[in-house]
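These notes concern the structure reproduced below.
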Amino acid sequence: SVIASNAPPKIVVHVDTDDSNQTLVTIAVSTPDRPGLLLDISKTLIRLGLNFHKTEAMVLDGRSLNLWRCEVLENGVSDIEEIWSVLNAMLEVESGVEAIKRRGVRVIRAVVT
(Lines give C-alpha, C1' and ligand atoms only; values in the text may rest on other atoms or scores of the structure.)
Protein backbone atom coordinates (compact mmCIF):
# COMPACT_ATOMS: atom_id res chain seq x y z
CA SER A 1 0.00 0.00 0.00
CA VAL A 2 1.15 3.52 -0.77
CA ILE A 3 1.38 6.02 2.10
CA ALA A 4 0.18 9.55 1.35
CA SER A 5 2.97 12.11 1.42
CA ASN A 6 1.19 14.06 4.20
CA ALA A 7 0.43 11.00 6.37
CA PRO A 8 1.76 11.13 9.96
CA PRO A 9 5.32 9.94 10.60
CA LYS A 10 5.90 6.21 10.98
CA ILE A 11 8.84 5.14 13.17
CA VAL A 12 10.15 1.63 13.88
CA VAL A 13 12.93 1.02 16.44
CA HIS A 14 14.74 -2.30 16.98
CA VAL A 15 17.51 -2.95 19.53
CA ASP A 16 19.94 -5.88 19.49
CA THR A 17 23.53 -6.75 20.37
CA ASP A 18 26.32 -7.82 18.05
CA ASP A 19 29.02 -10.46 18.56
CA SER A 20 31.09 -8.12 20.74
CA ASN A 21 28.12 -7.44 23.07
CA GLN A 22 27.80 -3.94 21.65
CA THR A 23 24.22 -2.57 21.76
CA LEU A 24 23.00 -1.57 18.31
CA VAL A 25 19.81 0.26 17.38
CA THR A 26 18.12 0.17 13.99
CA ILE A 27 15.65 2.98 13.33
CA ALA A 28 13.38 3.30 10.30
CA VAL A 29 11.56 6.59 9.68
CA SER A 30 8.94 7.40 7.05
CA THR A 31 7.72 10.98 7.22
CA PRO A 32 6.73 13.88 4.95
CA ASP A 33 9.89 15.31 3.41
CA ARG A 34 11.04 18.84 4.20
CA PRO A 35 14.28 20.83 4.06
CA GLY A 36 16.55 20.09 7.04
CA LEU A 37 14.79 16.85 7.98
CA LEU A 38 17.89 14.63 7.96
CA LEU A 39 19.82 17.21 9.97
CA ASP A 40 17.04 17.35 12.57
CA ILE A 41 16.89 13.55 12.84
CA SER A 42 20.71 13.35 13.06
CA LYS A 43 20.86 15.93 15.86
CA THR A 44 18.10 14.13 17.75
CA LEU A 45 19.88 10.77 17.53
CA ILE A 46 23.18 12.33 18.61
CA ARG A 47 21.45 13.89 21.65
CA LEU A 48 20.17 10.40 22.52
CA GLY A 49 23.79 9.15 22.60
CA LEU A 50 23.65 7.18 19.38
CA ASN A 51 26.65 6.92 17.03
CA PHE A 52 25.85 6.30 13.35
CA HIS A 53 27.30 3.19 11.73
CA LYS A 54 25.19 3.25 8.58
CA THR A 55 22.46 5.45 7.21
CA GLU A 56 20.35 5.29 4.08
CA ALA A 57 17.85 7.87 2.89
CA MET A 58 15.63 8.50 -0.09
CA VAL A 59 12.56 10.53 -1.03
CA LEU A 60 9.67 8.76 -2.70
CA ASP A 61 6.42 10.53 -3.59
CA GLY A 62 7.06 13.37 -1.13
CA ARG A 63 7.99 11.07 1.77
CA SER A 64 11.44 10.81 3.26
CA LEU A 65 12.39 7.17 3.96
CA ASN A 66 15.37 6.80 6.31
CA LEU A 67 17.19 3.88 7.87
CA TRP A 68 19.70 4.46 10.68
CA ARG A 69 21.97 1.76 12.17
CA CYS A 70 23.53 3.14 15.36
CA GLU A 71 25.77 2.09 18.22
CA VAL A 72 24.59 3.09 21.68
CA LEU A 73 27.39 5.12 23.30
CA GLU A 74 28.15 5.04 27.03
CA ASN A 75 25.18 6.68 28.82
CA GLY A 76 23.24 6.62 25.52
CA VAL A 77 19.58 5.64 25.24
CA SER A 78 18.74 2.07 24.21
CA ASP A 79 15.10 2.03 25.34
CA ILE A 80 12.88 1.48 22.28
CA GLU A 81 9.96 3.49 23.64
CA GLU A 82 12.12 6.46 24.64
CA ILE A 83 13.84 6.63 21.23
CA TRP A 84 10.46 6.35 19.48
CA SER A 85 8.85 9.01 21.70
CA VAL A 86 11.66 11.53 21.24
CA LEU A 87 11.72 11.08 17.44
CA ASN A 88 7.93 11.21 17.20
CA ALA A 89 7.80 14.44 19.23
CA MET A 90 10.48 16.00 17.01
CA LEU A 91 8.59 15.02 13.85
CA GLU A 92 5.16 16.24 15.05
CA VAL A 93 3.83 18.87 12.66
CA GLU A 94 2.09 21.01 15.28
CA SER A 95 4.72 20.98 18.03
CA GLY A 96 7.98 19.69 16.55
CA VAL A 97 10.95 21.39 14.92
CA GLU A 98 9.00 22.39 11.81
CA ALA A 99 6.39 24.22 13.91
CA ILE A 100 9.15 26.11 15.68
CA LYS A 101 10.73 27.04 12.33
CA ARG A 102 7.35 28.25 11.00
CA ARG A 103 6.67 30.42 14.04
CA GLY A 104 10.12 31.94 13.98
CA VAL A 105 11.83 33.64 16.86
CA ARG A 106 10.26 36.62 18.58
CA VAL A 107 12.64 39.36 19.59
CA ILE A 108 11.83 41.74 22.40
CA ARG A 109 13.81 44.95 22.57
CA ALA A 110 13.98 47.11 25.64
CA VAL A 111 15.94 50.13 26.66
CA VAL A 112 17.00 50.23 30.28
CA THR A 113 17.84 53.69 31.68
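The values are calculated or read from the model by the stated rules, or taken from the named source; none is laboratory data. Bear in mind the structure is a predicted one, so any value in this text is a computation, not a measurement. Heads up, the Cβs are rebuilt from the backbone with ideal geometry, glycines too, and the neighbour counts pull from every protein chain shown. Keep in mind that these areas ignore ligands, DNA and RNA; they rest on the heavy atoms of the full protein, side chains included. Shrake-Rupley method; radii C 1.70, N 1.55, O 1.52, S 1.80 Å.
Take the residues of region 13-27 that are touching a strand residue (DSSP E or B) at 6+ places or on another chain (Cβ under 9 Å) and without any contact (Cβ under 8 Å) to a residue 40 or more places away in the chain: which is farthest from Ile83 (Cα to Cα)? Can you show your working first?
The first filter runs over region 13-27 and keeps only residues touching a strand residue (DSSP E or B) at 6+ places or on another chain (Cβ under 9 Å), leaving 13-18, 22-27.
Imposing the further condition that a residue be without any contact (Cβ under 8 Å) to a residue 40 or more places away in the chain reduces the set to 16-18.
Working: Asp16: 14, Thr17: 17, Asp18: 19 Å.
Across region 13-27, the extreme among qualifying residues is Asp18.
For region 30-53, which residues satisfy the criterion of being under 16 Å from Ser85 (Cβ atoms) and either of a type in the set (Lys, Arg) or touching a Ser or Thr at 6+ places or on another chain (Cβ under 7 Å) (or both)?
Residues of region 30-53 that are under 16 Å from Ser85 (Cβ atoms), as a first pass: 31, 40-41, 44-45, 47-50.
Passing the criteria: Thr31, Arg47.
Give me a count of the residues in region 74-85 that are within 12 Å of the chain's Cα centre (by Cα) and crowded, with 16+ Cβ neighbours inside 10 Å.
The number of residues fulfilling the criteria is 1.
If I go through region 1-27 residue by residue, how many of them are open to solvent by 40 Å² or more (accessible area, probe 1.4 Å) and among the aliphatic types (A, V, I, L, M)?
Residues in region 1-27 being open to solvent by 40 Å² or more (accessible area, probe 1.4 Å) and among the aliphatic types (A, V, I, L, M): 5 in total.
What number of residues in region 64-73 are crowded, with 19+ Cβ neighbours inside 10 Å and farther than 10 Å from Val29 by Cβ?
Number of matching residues: 2.
Please go through region 73-85 and pick out each residue that is within 17 Å of Ile11 (Cβ to Cβ) and not hydroxyl-bearing (Ser, Thr, Tyr).
Val77, Asp79, Ile80, Glu81, Glu82, Ile83, Trp84 - these are the residues of region 73-85 that are within 17 Å of Ile11 (Cβ to Cβ) and not hydroxyl-bearing (Ser, Thr, Tyr).
Exactly one of (1) among the charged types (D, E, K, R); (2) on the phi > 0 side of the Ramachandran plot; (3) at pLDDT 95 or above is unmet by Glu56. Its number?
Of (1) among the charged types (D, E, K, R); (2) on the phi > 0 side of the Ramachandran plot; (3) at pLDDT 95 or above, only one is false for Glu56: (2).
Out of the residues in region 54-64 that are in contact (Cβ under 8 Å) with a residue 12 or more places away in the chain and among the charged types (D, E, K, R), state the one that is farthest from Ile80 (Cα to Cα).
Per the stated criteria, the residue is Asp61.
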